[in-house]
1. Mind listing whichever residues of the range 160-204 are within 16 Å of the ligand (Cβ to nearest atom), of a type outside the set (A, V, I, L, M, F, W, C) and not in a helix (DSSP H, G or I)?
2. Consider LYS207 against the criteria (1) of a type in the set (Lys, Arg); (2) surrounded by fewer than 16 Cβ atoms within 10 Å (Cβ to Cβ); (3) within 16 Å of the ligand (Cβ to nearest atom): it satisfies all of them except one. Which criterion is unmet?
3. Search the range 247-277 for residues being within 13 Å of the ligand (Cβ to nearest atom) and in a helix (DSSP H, G or I), and hand back the single one that is farthest from the chain's Cα centre (by Cα).
4. Condition test on ARG104, is it basic (Lys, Arg) and part of a strand (DSSP E or B)?
5. Could you go through the range 278-289 and let me know if any residue there is within 16 Å of the ligand (Cβ to nearest atom), in contact with a Gly (Cβ under 8 Å, 6 or more places away or on another chain) and not hydrophobic (A, V, I, L, M, F, W, C).
6. Look at the range 126-144 and say how many of its residues are part of a strand (DSSP E or B) and either basic (Lys, Arg) or touching a helix residue (DSSP H, G or I) at 6+ places or on another chain (Cβ under 8 Å) (or both).
7. Taking interchain pairs and intrachain pairs at least six residues apart, which have beta carbon atoms under 9 angstrom, with the first residue in the range 253-279 and of a type in the set (Ser, Thr, Tyr) and the second surrounded by fewer than 21 Cβ atoms within 10 Å (Cβ to Cβ)?
8. Is there any pair with a first residue in the range 164-183 that is of a type in the set (Gly, Ala, Ser) and a second that is assigned to a helix (DSSP H, G or I) whose Cβ atoms are under 8 Å apart and which are 6 or more apart or on different chains, and what are they?
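The values are calculated or read from the model by the stated rules, or taken from the named source; none is laboratory data. The structure presented is a predicted model; accordingly, all values stated were derived computationally and were not measured. With ideal geometry, Cβ positions are generated from the backbone for all residues, glycine too; neighbour counts draw on all protein chains shown.
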Amino acid sequence: MSFRHYFSLLLLPSTLAACGNSNGDLTTRDGASADSTVVAESTPAGLVPTDADGAMNDGPARSGGVAIATTSDTGAANREPNELGRIMIIEYHLIGDKNSTYERERGQFRRDLQMLYDRGFRPVTMQQVMDGTMDLPRGISPVVVTFDDASPSQFRYIEKNGELEIDPTSGLGIWLDFARTHPEWKNRAVFCMLSGAAAGRSFFGEKGIEGQKSEWRHKKVRFLHEQGFELCNHTLWHANLGKYGDAMVQEQIARGVMAIDSAVPGYKVRTFALPLGVWPRNRALAYKGSWTDPKSGRTVSYDFDAVLEVAGGPARGPNDPAFKVPGNFNRIEVIGDAIERSINQLEKAGQRYVSDGDPNRIARPAASTSDSP
Ligand SMILES: [Zn+2]
């Protein structure tokens, strides 16, 4: 598959529009604040007994025997917890020299991280969202940062005197530097990887493309895993799964999983990103299936908990009545000021997920209690 062909697939606007609308209802303002059945133990008045004083304590504040983490975020005290809210799952492709639909200029990428940080967001993985284990301080919101296609622009090595260094101008280089200089910014992005696509989109580069050697591929995937990042499958070479039969769909997906397993043996891939946001005709095959490698006779199975769409807006959070796992999750493509617009809309609608810092309670906004009996 040529580079040109690869990008012609990526640039089909009609396909993308369809993805954004394909499961429709998630962008509406139904549900969250009207439902009173989810919240178990707490009322706003009974929320965590530390507020503005939380950061001043010598040790972590406690509630019901559970440590409440504090934050360096000065605005956190002013954000009312709302753990019924929605979560942004944002989506990057290339990190490079310019801004375009599928490319974020590297300085802008760093400014995105800073803006998220300043507005009280901290990264979590899809696994944490699915398991409801986002251990965030009170007043802080989760954001899931996803990187699609495994291009060298996201994770590039530079070879210096026989040593490999992560290129500080690659997406990962920028992320790691940001994490070093910003408390609470952990290595919790999600890399949705291709393992055998054209133009170096094969575990972040091969065959000398952008100076990347094929033998570095598994080392890169292992590094991401060891640093705490989540490994996500995005198929073998980015096939439009709507155009192929069941056997090919499963082969594309299973070979991506097999490649991740070769790099990190035993890794359980739980998240899958649909190429182009296009579902296979048999939607169930996006979640679960198997394929037998004709060369080895080995059967590779997959069974995902999350299928990521290409677009659609903020996703339901784990305490939303309609949240389900396995399930599909909407994302936000990082184009222009899409992240800021989403934050503003979430805040205006009272739908921003804000942690109360206490894993034993589900905090709901005060407005929702006054609406309820
Ligand atoms: Zn992709």
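1. Going through the range 160-204, the residues within 16 Å of the ligand (Cβ to nearest atom) turn out to be 171, 189-204.
From the residues that got through so far, the ones that are of a type outside the set (A, V, I, L, M, F, W, C) too are 171, 195-196, 200-202.
Those that are within 16 Å of the ligand (Cβ to nearest atom), of a type outside the set (A, V, I, L, M, F, W, C) and not in a helix (DSSP H, G or I): SER195, GLY196, GLY200, ARG201, SER202.
2. All conditions pass for LYS207, except number (3).
3. As a first pass, look at the range 247-277 and keep what is within 13 Å of the ligand (Cβ to nearest atom): 252, 256, 272-277.
Of the ones still in play, those that are also in a helix (DSSP H, G or I) are 252, 256, 275-277.
Details: GLN252: 21, GLY256: 18, PRO275: 15, LEU276: 16, GLY277: 15 Å.
Per the stated criteria, the residue is GLN252.
4. Details: basic (Lys, Arg): yes; part of a strand (DSSP E or B): yes.
Yes, satisfied.
5. Start the filter on the range 278-289 by keeping residues that are within 16 Å of the ligand (Cβ to nearest atom), which leaves 278-280, 286.
Now drop any that are not in contact with a Gly (Cβ under 8 Å, 6 or more places away or on another chain), which leaves 278-280.
So of that shortlist, the ones also not hydrophobic (A, V, I, L, M, F, W, C) come out as 280.
There is at least one residue in the range 278-289 that is within 16 Å of the ligand (Cβ to nearest atom), in contact with a Gly (Cβ under 8 Å, 6 or more places away or on another chain) and not hydrophobic (A, V, I, L, M, F, W, C).
6. Let us first name the residues in the range 126-144 that are part of a strand (DSSP E or B), namely 141-144.
Filter again for either basic (Lys, Arg) or touching a helix residue (DSSP H, G or I) at 6+ places or on another chain (Cβ under 8 Å) (or both), leaving 142-144.
Going through the range 126-144 one residue at a time, the tally reaches 3.
7. Qualifying pairs under 9 Å: SER262/HIS218; TYR267/HIS225; TYR267/ASP261; THR271/GLN127; THR271/MET130; THR271/ASP305; THR271/VAL307.
8. From the range 164-183, the pairs are GLY171/ARG106; GLY171/PHE109.
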